[in-house]
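Note sheet for the following structure.
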Amino acid sequence: MNQENTDTMTQASVLQVTRDGAVATIRVDRPKANAVDPAMIEEFLTVLPPLAADPEVRCIVITGTGRFFIAGADIAVMRDLSADNQARMRRWIDVQRVIERAPKPVVAAMNGHALGGGAELSLACDVRILSADATFGFPEMLLGLFPGAGGSQRLPRLVGPHLAKRLMIEGERLAPQRASELGLVDLVADPAAFDTVVAEQARRLAAKPTAAIALLKRVVDEGYGLPVEEALEREEKGVAELTRTADAAEGLQAFLDKREAVFTGR
């Protein structure tokens with residue numbers, strides 16, 4: 001993402017956080033492959049919640065550096081199969097839950113290969129953009145493992161259980177077009193234009209009624225899998241909250257005034 005005219009908010013040892021208007025970008029920078037370790041997880045859990053709670057941040061972008069978005073778990077760390085170490089690594093799912101519950105759009109800007117834990121993280125995001133020279137997949141089975149940091153549960157919900165099991169069993173690194181055809185990514189971007197495409201998408205999302213987006217995300221997540229009557233009750237409560245937002249009032253008035261709505265996320 002183009003970082004000209006941005007202000008650096010936080011410079012962590014692994015995560016670089018910048019602001020460009022209403023868009024906050026978290027850039028993973030852990031050479032050589034942006035592999036996940038407990039320190040990275042804890043940094044995410046420090047950085048993400050304030051951005052999710054900040055009303056001035058209306059879209060969050062997560063991206064990487066170099067040839068990788070996030071390559072998955074650090075194998076040197078994962079070799080320690082002790083319960084304590086596995087519990088520390090398991091907190092990667094806590095990062096994903098913060099993303100899912102964020103009351104605003106979160107974009108996975110997969111600048112490079114998104115594998116294992118990186119692919120799992122992207123499934124928790126609202127929009128997934130993959131560079132045309134990157135790959136996407138769940139290769140854990142090649143290590144005698146399976147995607148156990150959210151992937152085994154989110155992937156079936158996205159593409160159905162049969163296809164999800166096949167993708168995880170095969171462990172294939174998918175080309176961008178194939179990942180797009182399967183609905184695993186929403187947009188494939190040319191590498192030369194990747195930052196521009198991400199910036200445009202993020203600005204477009206930030207301009208939307210994020211108060212409505214927040215409620216929509218919550219209603220869908222709470223209602224999914226419930227009996228329809230219970231799900232409709234959750235929807236009804238969400239609509240009642242929505243009618244009290246400034247964004248709803250602005251959207252309706254703008255339509256009557258025949259003008260473009262200006263949303264504030266409130």
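The values are calculated or read from the model by the stated rules, or taken from the named source; none is laboratory data. Since the model is a prediction, treat every value here as computed from it, not as a measurement. Cβ sites come from the backbone with ideal geometry, for glycine too, and all protein chains shown count toward neighbours.
For segment 198-215, does any single residue satisfy the condition of being loosely packed, with under 15 Cβ neighbours inside 10 Å, at pLDDT 95 or above and assigned to a helix (DSSP H, G or I)? Yes, some residue in segment 198-215 is loosely packed, with under 15 Cβ neighbours inside 10 Å, at pLDDT 95 or above and assigned to a helix (DSSP H, G or I).
Is there a residue being touching a Gly at 6+ places or on another chain (Cβ under 6 Å), surrounded by 15 or more Cβ atoms within 10 Å (Cβ to Cβ), outside any helix (DSSP H, G or I) and touching a residue at least 12 places away in the same chain (Cβ under 8 Å) anywhere in segment 247-262? Spell out how you get there, then give the answer.
Applying the first criterion (touching a Gly at 6+ places or on another chain (Cβ under 6 Å)) to segment 247-262 yields 261.
Next, from what is left, pick out any that are surrounded by 15 or more Cβ atoms within 10 Å (Cβ to Cβ): 261.
Add one more test, that the residue is outside any helix (DSSP H, G or I), and what stays is 261.
In the following step, the residues that additionally are touching a residue at least 12 places away in the same chain (Cβ under 8 Å) were identified as 261.
Yes, the conditions are met somewhere in segment 247-262.
For segment 79-92, the set of residues classified as over 23 Å from the mean Cα position of the chain (by Cα) and among the aliphatic types (A, V, I, L, M) consists of LEU81, ALA83, listed by residue number. Here the condition is being touching a Cys at 6+ places or on another chain (Cβ under 7 Å) and in the same structural domain as THR63 (by TED's automatic domain parsing); of PRO105, PRO147, PRO139, PRO176, it holds for PRO105 alone.
Every condition in (1) assigned to a helix (DSSP H, G or I); (2) under 24 Å from the mean Cα position of the chain (by Cα); (3) not aliphatic (A, V, I, L, M) holds for GLU229 except the one numbered (2).
Inspection of segment 131-139 identifies no residue that is of a type outside the set (A, V, I, L, M, F, W, C), within 30 Å of VAL219 (Cβ to Cβ) and surrounded by fewer than 22 Cβ atoms within 10 Å (Cβ to Cβ).
Annotation: of all residues in segment 241-266 being of a type in the set (A, V, I, L, M, F, W, C) and more than 27 Å from the chain's Cα centre (by Cα), the one that is nearest to LYS104 (Cα to Cα) is ALA249.
Limited to segment 85-101, what total is found for residues that are closer than 18 Å to ARG128 by Cα and not in a helix (DSSP H, G or I)? Selection size over segment 85-101: 0.
Let's see how each residue does on (1) in contact with a Gly (Cβ under 7 Å, 6 or more places away or on another chain); (2) under 21 Å from THR25 (Cα atoms):
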site	(1), (2)
ALA76	no, no
MET89	no, no
GLN96	yes, yes
GLU100	no, yes
PRO103	no, yes
LEU121	no, yes
GLU140	yes, no
LEU145	no, no
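Taken together, the criteria exclude ARG27 from residues that are farther than 19 Å from ILE129 by Cβ and assigned to a strand (DSSP E or B). In the set ALA124, ALA35, ALA102, ALA108, only one residue is touching a strand residue (DSSP E or B) at 6+ places or on another chain (Cβ under 8 Å), within 20 Å of LEU184 (Cα to Cα) and touching a residue at least 40 places away in the same chain (Cβ under 8 Å); that residue is ALA108.
Of the residues that make up segment 135-150, is at least one of a type in the set (Asp, Glu), without any contact (Cβ under 8 Å) to a residue 40 or more places away in the chain and part of a helix (DSSP H, G or I)?
First, the residues of segment 135-150 that are of a type in the set (Asp, Glu): 140.
If we keep only those that are without any contact (Cβ under 8 Å) to a residue 40 or more places away in the chain as well, we get none.
For segment 135-150, residues of a type in the set (Asp, Glu), without any contact (Cβ under 8 Å) to a residue 40 or more places away in the chain and part of a helix (DSSP H, G or I): absent.
Beta carbons closer than 8 Å, at least 6 apart along the sequence or on distinct chains, never pair a first residue in segment 69-80 that is within 20 Å of GLN96 (Cα to Cα) with a second that is among the basic types (Lys, Arg) and surrounded by fewer than 16 Cβ atoms within 10 Å (Cβ to Cβ).
Mind listing whichever residues of segment 149-166 are of a type in the set (Lys, Arg) and either touching a Gly at 6+ places or on another chain (Cβ under 6 Å) or closer than 25 Å to ILE41 by Cα (or both)?
Initially, segment 149-166 is screened for residues of a type in the set (Lys, Arg), giving 154, 157, 165-166.
Passing the criteria: ARG154, ARG157.
Residues of segment 152-164 include none that is more than 25 Å from TYR224 (Cα to Cα), part of a helix (DSSP H, G or I), at pLDDT 95 or above and not hydroxyl-bearing (Ser, Thr, Tyr).
Among the candidates ARG234, ARG244, ARG266, which residue alone is assigned to a loop (DSSP other than H, G, I, E, B) and either in contact (Cβ under 8 Å) with a residue 24 or more places away in the chain or surrounded by 12 or more Cβ atoms within 10 Å (Cβ to Cβ) (or both)? Going through ARG234, ARG244, ARG266 in turn, the sole match is ARG266.
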